[in-house]
Amino acid sequence: MSNYQSQIDRFTTLCTTKDNNWQSINPEYASRMHLQNRFKTGLDIANYTAKIMREDMACYDADPTQYTQSLGCWHGFTAQQMMMAIKRHQKTTKGAYVYLSGWMVAALRSEFGPLPDQSMHEKTAVPKLIEEIYTFLKQADARELDHLYKALDDAKAKGQDTSQLQSQIDNFETHIVPIIADIDAGFGNEEATYLLAKQMIEAGACAIQIENQVSDAKQCGHQAGKVTVPHEDFLSKINAVRYAFLELGVEDGIIVARTDSLGASLTQKIPVSKEAGDIASQYTAFLDTQVIHDVDQLQDGDMAIKLNGQLQKPVRLDNGLYQFKEGTEKDRVVLDCVTSLQAGADLLWIETEKPNVEQIAELVNRIREQVPNAKLVYNNSPSFNWTLKFREQAYEALKAQGKDLSSYPDPSLDPKALMAPELDSTELAKIADEKVKSFQLDGATHAGIFHHLITLPTYHTVALSTDILAEGYFGDLGMLAYVRDVQRQEIRREQASVKHQDLAGSNIGDTHKEYFSGDNALKAGGEANTMNQF
C-alpha cells in the first residue's frame, strides 16, 4: 500500500471515529496537508539530517570521491532557491547541504546594522535564521507536492492512469538537507555555548561549527588579531555542544571543531599544567619566552614561568596578550585538531590563508598519524583571490617545467600582475582555471576534505547581480536591463521564481481555501492572473 494511500486510509478511519462532527473534513485533503509538512518540529529535522550526514561521512570514508558541498545562505529564500536549483538540475539533493555563516549573520541579519565578523550581533539571530531557512525549504516541499496533487486530480478527472503520479508522491525527495551552523566561539562561556547550541538544535541544526578563538575577542578567520584559547577552554565548549545534542535526543549530532591557529599568534591566558606533558604544558611550550637568568631581570608587573627546567618570561604585549613563537603555527594546528577529535568532535575545520591542497594535506596527514579517520570541513573562502592564487601556482608549475615565462609578468615583481584580463586566454590562465575546477575533488581525495563550502557566496551574488541590474536600468537600457538580464533568463532556465506568486505560496493558499471553504473559496488564481503569461 502506498504511503499516500495509507495516509488517506488513516485519516478516513480517524474521521469516522468522530461521529458526524468531522463530516466536512476530506481525508485525502488532510493526508495531503500532512505529507506537505513532513517535519513537524526542528528536532525532527535535526535527527533526520544528522543521520544523512553520518551516512555521508561513512560513504566518504569508503570512497573519498564522495565528498559533500554547501553554499552559505543568509536568508531562507536563498537556501530555498539553491536547493530547488540543485534538485532541478541534479535530480537529487544528495551530498548538498546549507552552510549558515556567522559572517553573513553579522553583516546582513543584525538589528545593529552591518557588522564585522566579531560576534557582536545578536546570538538569537543564528537560531532564528536556521528556523527561517527550514521554513523556506519546507515551503518548497509544499509547493512541489501541491503541483503533483493538482496533476493527480487532473489525471483522475480525465480517467487517466495515476500510478506514476502516485509513485512520484510516495517517493518525493524533500528539500530538507543538513545545515552546518556557525556558533562562532560560543558567544560566551561554556554555559552560554550550551544554551545557544540548544536553541540552534531545536531550530533544526544537526551540525554545529565552533572555533577556538576567545569569544569576546573573536575576529574573522581571514583577518589579523586572532586570539586562541587554551585547549581545556575549547574542549569544555565541545562538551557543552555534545550535552546539548544529547539532552534534546539528537544522538547523531555533528560537532565541527575549527582551529584558527594557523593565522593566530596570540593567546589570552596561560593554562595551568597539572602534570608534565599534559595539554596545558604543550600549549604553554608554544609561547614566545625569554630565559631569565637572574630575577633582577624581571620588572614590576612581569611574570615568569618554569619551562623545561628554566625560569622564563613570556612575551606579553601592552594589551596583556601573550605571543606565540613564530613557526609554531602548524604544530599548534595539529595539536588543536587531535585534542578536539579525541574529546568528541566529529569533523575538523582548519582556517587557512590560501587554497592550497598540498598545504592542507600536510596538516591532515600529520593529524591522521594519531587519528586515522580525521576529516575536514573546508572553507573555500571568497576572502581568497582564487584567480591570483591559482595563477601563482600555475606560474610556479610552468617554471618548474622549464617553460618560457617571458610573456607573463613576474609575480615576484608585481604580486597582482597575473590578474590582468589580457591573460585570461593564455596557457597559464587555463592551467590555473583547471586547478580551481579540480580543487574540491583534489582536496577530497588527497587532503581529507569531506565537506567543501563557500562561506558567503550569496553575499557576493546579490551584490554583483544588483550592480549589473542597477547599472543598466538607471543607465541607457532602462526596462531592457531587467527583461533581458533577469526575466528572460529565468524563463529560459525554467526557474520557479519567474512565477513569483506561485513560489511565494499563492497557489498553495488557493488550494487550502478550496479545502476549507469549498465552492465559496475566494481564490487569487484564474484567467486574470498574469502568472498565466509564463
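Pairs to check: Lys389/Lys435; Lys91/Lys138; Lys87/Lys123. Give those whose C-alpha atoms are more than 21 Å from each other in this structure. Don't skip to the answer; put the middle values down first.
Numbers: Lys389/Lys435 10 Å; Lys91/Lys138 18 Å; Lys87/Lys123 32 Å.
Pairs exceeding the cut-off: Lys87/Lys123.
Around Leu266, which amide H atoms from residues at least 5 apart in sequence, or from another chain, sit under 5 Å from its own amide H, with H modelled in the peptide plane?
Thr228, Phe324
Hey, got a sec? Which GluC sites (Glu not before Pro) in segment 339-378 land in a DSSP loop and have at most 15 other Cβ atoms within 10 Å?
Answer in residue order: Glu353, Glu369.
Which trypsin sites (Lys or Arg not before Pro) from segment 352-385 combine a DSSP loop assignment with at most 15 other Cβ atoms within 10 Å?
Working: sites: Arg366, Arg368, Lys375; in loops: Lys375.
Answer by residue number: there is no such site.
Quick one, what does Rg over Rh come out to for segment 26-173 if you take C-alpha atoms and the Kirkwood Rh?
Details: Rg = 18.6 Å, Rh = 17.7 Å.
Ratio value, two decimals: 1.05.
Is the shape of segment 198-244 best called rounded, prolate or oblate, per the rule: a/c under 1.5 gives rounded, else a/b larger than b/c gives prolate, else oblate, with a ≥ b ≥ c the square roots of the Cα gyration tensor eigenvalues?
Because a/c hits 1.5 or more and a/b fails to exceed b/c, segment 198-244 counts as oblate.
Once you have a ≥ b ≥ c as the square roots of the Cα gyration tensor eigenvalues for segment 258-325, tell me rounded if a/c is under 1.5, and otherwise prolate or oblate according to whether a/b is larger than b/c. Mind dumping the intermediate values first?
Values: a/c = 2.22, a/b = 1.28, b/c = 1.73.
Verdict is oblate for segment 258-325.
Size of the dipole of the chain about the Cα centre, Lys and Arg at +1 and Asp and Glu at -1 on the beta carbon, nothing else charged, in debye to 20?
Details: 52 positive and 74 negative charges, 211 e Å.
It works out to roughly 1020 debye.
Using a Förster radius of 30 Å, what is the FRET efficiency between Leu148 and Glu55 based on their Cβ-Cβ separation? Nearest 0.05, please.
The calculated FRET efficiency here is 0.70.
Rounded to the nearest 5, what % of the DSSP beta bridges within the chain are antiparallel ones?
Values: 11 of 41 bridges.
The antiparallel proportion sits near 25 percent.
For helix 231-247, what angle does its Cα long axis make with the longest principal axis of the chain, in degrees from 0 to 90 and rounded to 10?
With both axes taken from Cα atoms, the answer is about 20 degrees.
Using θ = phi - 60° and the Karplus curve 6.51 cos²θ - 1.76 cosθ + 1.60, what whole-Hz ³J(HN,Hα) does each residue of segment 203-214 get, with Gly and Pro shown as x?
7, x, 5, 9, 9, 10, 9, 10, 10, 9, 8, 5
For the chain, compute the orientation-averaged projected area of the C-alpha convex hull (one quarter of its surface), in nm². Working shown, then result.
Working: hull surface 137.8 nm².
That works out to 34.5 nm², a quarter of the Cα hull's surface.
Set the Förster radius R0 to 30 Å, insert the Cβ-Cβ distance between Glu275 and His446 as r into 1/(1 + (r/R0)^6), and round the FRET efficiency to 0.05.
Values: r = 38 Å, r/R0 = 1.27.
Approximately 0.20, to the nearest 0.05.
Between Ala285 and Leu469, what is the label-to-label distance in nm when each label sits 7 Å out along the Cα-to-Cβ direction?
Those two pseudo-labels are separated by 5.7 nm.
Between Thr92 and His460, with labels modelled 7 Å along Cα→Cβ, what's the label distance in nm to one decimal, could you check?
2.9
With the crude spin-label approximation of a point 7 Å out along Cα→Cβ, what separation in nm comes out for Asn385 versus Ala155?
5.6
As I understand it, the value is the acute angle between the Cα axis of helix 42-62 and the longest principal axis of the Cα atoms of the chain; what does it come to in degrees, rounded to 10?
Around 60 degrees separate the two axes.
Given H placed on each backbone N at 1.01 Å, which residues far from Leu311 in sequence or on other chains put an amide H within less than 5 Å of it?
The answer is Ile292.
What FRET efficiency, computed as 1/(1 + (r/R0)^6) with R0 = 45 Å and r the Cβ-Cβ distance, is obtained for Glu427 and Met120, rounded to the nearest 0.05?
Numbers: r = 46 Å, r/R0 = 1.03.
My answer for the efficiency is 0.45.
When the expected Rg is taken as 2.2 N^0.38 Å, what fraction or multiple of it is the alpha-carbon Rg of segment 298-438? Intermediate values should be presented prior to the final figure.
Details: Rg = 21.2 Å, N = 141, 2.2 N^0.38 = 14.4 Å.
Compared with the compact-globule rule of thumb, segment 298-438 sits at 1.47.
Helix 3-16 against the longest principal axis of the chain: what's the angle in degrees, Cα atoms only, rounded to the nearest 10?
That works out to roughly 60 degrees.
Rule-based calculations on the coordinates, nothing more; no lab input. Keep in mind that this is a model prediction, so the values were computed, not measured. Neighbour counts are summed over all protein chains in view; Cβ atoms, including those assigned to glycine, are modelled from backbone coordinates with ideal geometry.
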